[in-house]
Amino acid sequence: MRLVLLGPPGAGKGTQAQRLVERHGVVQLSTGDMLRAEAATGSDLGRQAAKAMDAGELVSDEVIIAMLASRIDPKNNPKGILLDGFPRTVGQAQALDALLKEKNLKIDHVIELAMKDDEVVKRISGRFTCAKCGAGYHDQLQKPAKDGICDKCGGTKFTRRADDNANAVRRRLEAYHGQTAPVIAYYRQRGVMNSVDAMAPIDKVAVELNAILG
Ligand code: AP5
């Protein structure tokens, strides 16, 4: 299965991706995570990417497509891929189609996690992540069962993202409405587009996704 999860910042792409990976055995490919990993190396590319990300702007299509191209090989992903936060522009969607076509593959499902802008700000401002395993939490909406201890790995260190501040979130929303919304129209024309209400509780969103994916 080749699945794309789209949605504004904080819509729950990463949260639902973790569940879909467990359920379907697909490999999650998050361009945001790849860029943060590159930024952590301190390379030139990582520094450039971090500058754009911290400002809430998209990284160039050229960089993103080059980063993703080698990772969609079905030999490495026998049960398929879940693209989390990619494609974010029509140019990226066209490049993805071309890469898949070379391997006689295509996108099976694109699902938008739909959410209102004011809810986005609420979600993003409380988010934190386990520094050891990457599990996502929220100060009000999704606390660990034991305060300060990760449910998944027992880790006790947590991090917050540099781009989770009011200014960057506003720019990220602008990028979503300006550059990513046309991607939804692109996939609708291809008959693979679905949308779920991402303002529902996490478990309910998961049920909706499973109803679409089977
Ligand atoms: P990226 O890392 O992809 O960030 P994003 O799209 O802004 O999305 P987030 O990761 O912030 O949110 P999410 O939807 O995964 O929500 P989450 O599950 O964490 O991209 C970052 C940057 O990298 C971009 O701004 C850009 O600069 C660059 N970039 C990345 N890809 C690119 C591309 N293809 N092209 C160009 N540039 C690119 O959930 C959020 C919080 O809410 C959590 O705390 C969670 O616990 C909670 N939560 C989740 N679901 C629910 C629910 N249903 N109810 C209650 N709480 C919930």
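Only the coordinates and a few stated rules stand behind these numbers; no lab work does. Small disclaimer: the values here were computed from a predicted structure and weren't measured. Ideal geometry is used to build each Cβ from the backbone, glycine not excepted, and the neighbour counts take in all protein chains shown.
Observations on the model:
- Projected area, mean over directions - segment 1-56, Cα convex hull, nm²: 4.5 nm²
- Global form of the chain, assessed from the alpha-carbon gyration tensor, a/c cut-off 1.5: rounded
- Mean residue ellipticity (222 nm) of the chain, computed from DSSP H runs ≥ 4 via -39,500 (n - 2.57), nearest 500: -13500 deg cm²/dmol
- Space enclosed by the convex hull of the alpha-carbon atoms of segment 1-119, per residue, Å³: 112 Å³
- Per-residue Cβ neighbour counts within 10 Å put Arg47, Arg127 in the sequence Arg47, Arg127, beginning with the fewest.
- In order along segment 17-27, the Karplus-derived 3J(HN,Hα) couplings, from 6.51 cos²θ - 1.76 cosθ + 1.60 at θ = phi - 60°, round to 4, 4, 6, 5, 4, 5, 6, 10, x, 6, 9 Hz, and Gly and Pro are given as x.
- Residue-count net charge about Arg161 - beta-carbon cut-off 13 Å; Lys, Arg +1, Asp, Glu -1: +1
- GNM flexibility winner over the chain from Glu174, Glu62, Glu38 (Cα, springs under 10 Å): Glu62
- Separation between Cα centres of segment 148-186 and segment 56-101, rounded to whole Å: 19 Å
- Residue with peak Gaussian network fluctuation, the chain [Cα springs, cutoff 10 Å], from Asp108, Asp44, Asp163: Asp44
- Three-way shape label, segment 49-125, alpha-carbon gyration tensor, a/c 1.5: prolate
- The ranking of Arg160, Arg172 by Cβ neighbour count inside 10 Å, starting from the fewest, reads Arg160, Arg172.
- Packing-based exposure ordering (other Cβ within 10 Å, fewest first) of Ile81, Ile72: Ile72, Ile81
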